[in-house]
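For reference, the structure is listed below as structure tokens.
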Amino acid sequence: MQKMAKKGGVQQLQADISTDEEFEKFLQRSGLLVLDIYSEWCGPCLGMVGSLRKIKLELGGDNLQLAICKAGSISYLERFNKKSEPTWMFVTGGKAINIMFGTDVPKLVAIITKMLQSTMAKEVHQSYEITELQPIELEQQEVKNKALRLAENIELEECKRKRLEYLKSVTDCIMQNLPDIGITVFGPQVNREMFKKLSEPADPLKIQCKDRKVFTITRSDFTTVNFASENPLASDVIEQLYDKELLMCFWKVEDALGSPPNVLRQYAHELTKETIKPPDEFNEEEITVPPIIVPLDVTVQIKREVCETEAEIVRVEQLNDNKEEDKSEVDNEAAEDRDEGKLEDSTNFKTIRIPPIWVPSDQRTNAALIYTYFRGQTSAFLPPDPVPEPPHIVMTFDAYKKKDLDILLESCREDIPLYGFFTSDNPQTAVFIANSVEKYNAKPYVPTDKIVLKVNKVKTQTVPMLMAYGPSYVSTNSVVGHKEACQFFPDNYKSALQEEAELHAVKAEKPKKRKKNKKGADADDNGKADVLSEAEAQQESEEAAKTTPEESASTTSSGEDSCESRPPTADGNNSSADRGTGVITK
């Protein structure tokens, strides 16, 4: 609590407010109220005390009231809780009239001076409720939302690019290994029991069905199938196929007959054409034989969107109808007919024709169908899909926040796969310090040190919780974050957990020494057992004690090494090791 001397006693410079009751009582004071809003972990802005003291003494007096307000325990200020940016709110008559963010002393002095003069002159201000967002906050929110939308679009485009690149890679592999294979997709009107009839035209074409299955169609599957299709099914047709079971056949086509798409299109034509059976001894005239399979017509209802003007007309007419409820039954029936007519007018119907068979016209789409539905046929040459790395960003914090972050680093380990301490948050010039809080505490503390986190951008509370601690930097999107993470944490970077696991693995694999008899042979079970002498056991124990995780990490990519005397460490103690000088490179 800040105090200053005044004639006749001691006056409080700033009220220290931490409850709703204290806050409501303070808002009742007259004059201009300046609120220094802070989060508990960050604390109020001490650098402004001198300037505030000067303004109050020289200009404000009793017309200027100052307070430091803990946002975390005052419900009116909840939106400012856990934010690190200094926040100044200006209040008069119980209403907010301005707000400022940051530590720009001249700007703060100018705003206080201007607000104080206008308040003393009883000028009318544009006022806001304490909990209401002011224009600068709305502007910041819009800028933030715009940046988020931009980041989402960039991430989406990058995700699409990677997916297309991968699909092109796997379909290239399939086309190379299965150049004589094609796929036919039958419509929902064709079932498995019809296959014998479907195979009749295949024999003359010398194509063989090597596999056939019934699949339930999903949106994601057909998005993959059509990623590069030259003759995709119409979108309204695909809509009718979702969640339907379709028969698909895996055909082998002889090289001499042509490409699989061309041969299978000919096969589809044979299935869907009418044939003329000439007269014979049983029929005097020609007979038209219908196709083996035919299209399926589906009628769907399409609701027509009603514009606001039309909706208003309908509403007015409904009101008029209500006023004439006393009319005759004939009039009521006519009104009902009219209402039904409006309903019919607002609804349209459309017929969608679903083809009985679809044959891709390009080999890549055939390969995409094989990849999606006949993956078992590729097991000999195509490895399983790799597990994609989650999109991630880099978040950096001032190193002094390590105690607050330590619990999160442990509890959210799956979402924070890597972290480390560096001399700055610039991946181009940052020098590695340590890969754990424990190791950093043994290093000399420098105020500009940063703790850098690789954070998976997933639908959990990890990112919001980290944001509450006021990061000094956050990657603009996961595309930028991936590049920065690769710079801070290259492939040869090892976390403290990885180093410890490797150390234990090395110790476990270390072969035991065999005790030799005088002739140099191994001892047998009768007094020649595999045992270590006391001296050898003692020596091995001493060697293991000397090898600590810290020393094991000294030759990793982190660039950490041991050195000579150093200043006080990050945890307040002294240590004999010093900071490494390995610079992170691209």
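Every read-out reported here was derived from the displayed coordinates using simple, explicitly stated rules and does not represent laboratory data. Here the structure is a predicted model, which means the values were calculated and not measured. Counting neighbours? That spans all protein chains shown, and the Cβs are built from the backbone with ideal geometry, glycine included.
Classify region 374-477 from the C-alpha gyration tensor, please: rounded if a/c falls under 1.5, else prolate or oblate depending on whether a/b exceeds b/c. Prolate, because a/c is 1.5 or more and a/b exceeds b/c.
Under 5 Å from the amide H of Val294 lies no amide H of any residue 5 or more positions distant or on a separate chain, with H modelled from the backbone and absent for Pro and chain starts. For region 151-289, a crude dipole built from +1 on the beta carbon of Lys and Arg and -1 on the beta carbon of Asp and Glu, taken about the Cα centre, is about 580 debye to the nearest 20.
Among 270-281, 117-128, sorting by the average number of other beta carbon atoms lying within 10 angstrom of each residue, highest first, gives 117-128, 270-281.
Can you classify region 148-259 as rounded, prolate or oblate using the Cα gyration tensor, where a ≥ b ≥ c are the square roots of its eigenvalues, rounded means a/c under 1.5, and otherwise it's prolate if a/b beats b/c and oblate if not? Oblate, because a/c is 1.5 or more while a/b does not exceed b/c. Where the centre of each part is set by its Cα atoms, how far does region 426-473 sit from region 61-119, in angstrom? Centre-to-centre (Cα) distance: 31 Å. Remark on Ser361: its backbone amide H falls under 5 Å from those of Glu230, Asn231, a criterion applied only to residues 5 or more positions apart or on other chains, H modelled at 1.01 Å from N. Peptides 176-187, 498-509, 468-479 ranked from most to least packed by the mean count of surrounding Cβ atoms within 10 Å: 176-187, 468-479, 498-509.
For the peptides 108-115, 68-75, residues were scored by their other Cβ atoms within 10 Å and the scores averaged per peptide; the highest-first order is 68-75, 108-115.
Residues whose amide H falls under 5 Å from that of Gln14, counting only those 5 or more places apart or on a different chain, are Gln2, with hydrogens built in the peptide plane.
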